[in-house]
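The values are calculated or read from the model by the stated rules, or taken from the named source; none is laboratory data. These figures come from a predicted structure and were not determined experimentally. Please note: Cβ atoms are built from the backbone with ideal geometry, for glycine as well, and neighbour counts cover all protein chains shown.
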Amino acid sequence: MSLDPAYLEYPRRRKGYDHDLYAWSPLRERPPVQWPGGKALAVWPVVSLEWFPITPSDKPFRAPGHMQTAYPDYRHYTSREYGLRVRAYRLLDAFAKVGMKASFATNAAVAERYPALVADVVAAGHEINAG
């Protein structure tokens with residue numbers, strides 16, 4: 001069975017993008033990236049702050065990759081708990097030491113259970129985004 005030629009007909013098909021939001025150009029024709037302050041490298045640190053129940057209800061569905069071992073899953077749970085109580089603050093201290101800002105990908109459960117942590121992240125000038 002061959003592909004219907006009409007499948008490849010698209011009114012906006014052309015070289016580059018299929019929209020006019022911004023111009024397309026091949027990478028080799030673009031000028032070199034200029035980072036602020038003449039820096040040679042840009043880094044965007046994203047810290048994952050997540051909380052999940054120790055025994056999930058699987059409703060409305062089982063989250064992909066959620067707690068892989070038998071329940072109760074103390075190994076993963078304590079690792080995540082340590083991250084929210086200790087590791088996050090160590091990262092905040094490290095970012096402050098070098099003057100770096102980060103994004104913290106955070107689920108709603110963290111905001112509900114650890115409002116002081118979220119407040120400390122924001123007070124340090126970091127960004128909170130949905131994780």
Q.
I'd like to know if segment 82-94 contains one or more residues that are in contact (Cβ under 8 Å) with a residue 24 or more places away in the chain and assigned to a strand (DSSP E or B).
A. no
Q) If you check G37 against the conditions, is it of a type outside the set (A, V, I, L, M), surrounded by fewer than 10 Cβ atoms within 10 Å (Cβ to Cβ) and either modelled with pLDDT of 90 or more or touching a strand residue (DSSP E or B) at 6+ places or on another chain (Cβ under 9 Å) (or both)? A) yes
**Q.** Qualifying positions in segment 101-126 - exposed (fewer than 13 other Cβ atoms within 10 Å of the Cβ) and within 17 Å of V43 (Cβ to Cβ)
**A.** K101, G125
